[in-house]
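The values are calculated or read from the model by the stated rules, or taken from the named source; none is laboratory data. Computed from a predicted model, the values in this text were never measured in an experiment. Quick reminder, even Gly has a Cβ in these numbers, built from the backbone with ideal geometry, and neighbours come from all protein chains shown.
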């Protein structure tokens, strides 16, 4: 497990196939590591789902079918600038939204904003 970030960093593109009915149940745990790796993600998700929201701007969100996934992979494979841009955005998103201290800070801010009644 301690070498997983190193392994994820060796990828050029991360693929996140997802069944359409699962895209809004929970975010896949592997997504955080993918974003933190600084590499773009191609995720199968319908518009308006939580998964599409998280990947937007950090990768390509495609319809849940093989042809759409293939098209997105080829697009990223042919465009290193886009890969770098999306990967950097993913790294920033992981740091600002998914780093443990950022989550705790957000929770504390919410607690102070709503007072003791919020708990």
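Of all residues in segment 58-78, those that are outside any helix (DSSP H, G or I) and surrounded by 14 or more Cβ atoms within 10 Å (Cβ to Cβ) total 7.
Tally up the residues in segment 24-57 that are assigned to a helix (DSSP H, G or I) and on the phi > 0 side of the Ramachandran plot, please. Can you show your working first?
Taking segment 24-57 and keeping what is assigned to a helix (DSSP H, G or I), we get 30-36, 50-55.
Checking the rest, the ones that are also on the phi > 0 side of the Ramachandran plot come to none.
The number of residues fulfilling the criteria is 0.
In segment 31-57, the residues that are over 18 Å from residue 11 (Cα atoms) form Cβ pairs under 6 Å with partners that are at pLDDT 95 or above and assigned to a helix (DSSP H, G or I), at six or more places apart or across chains, as follows: 57/89.
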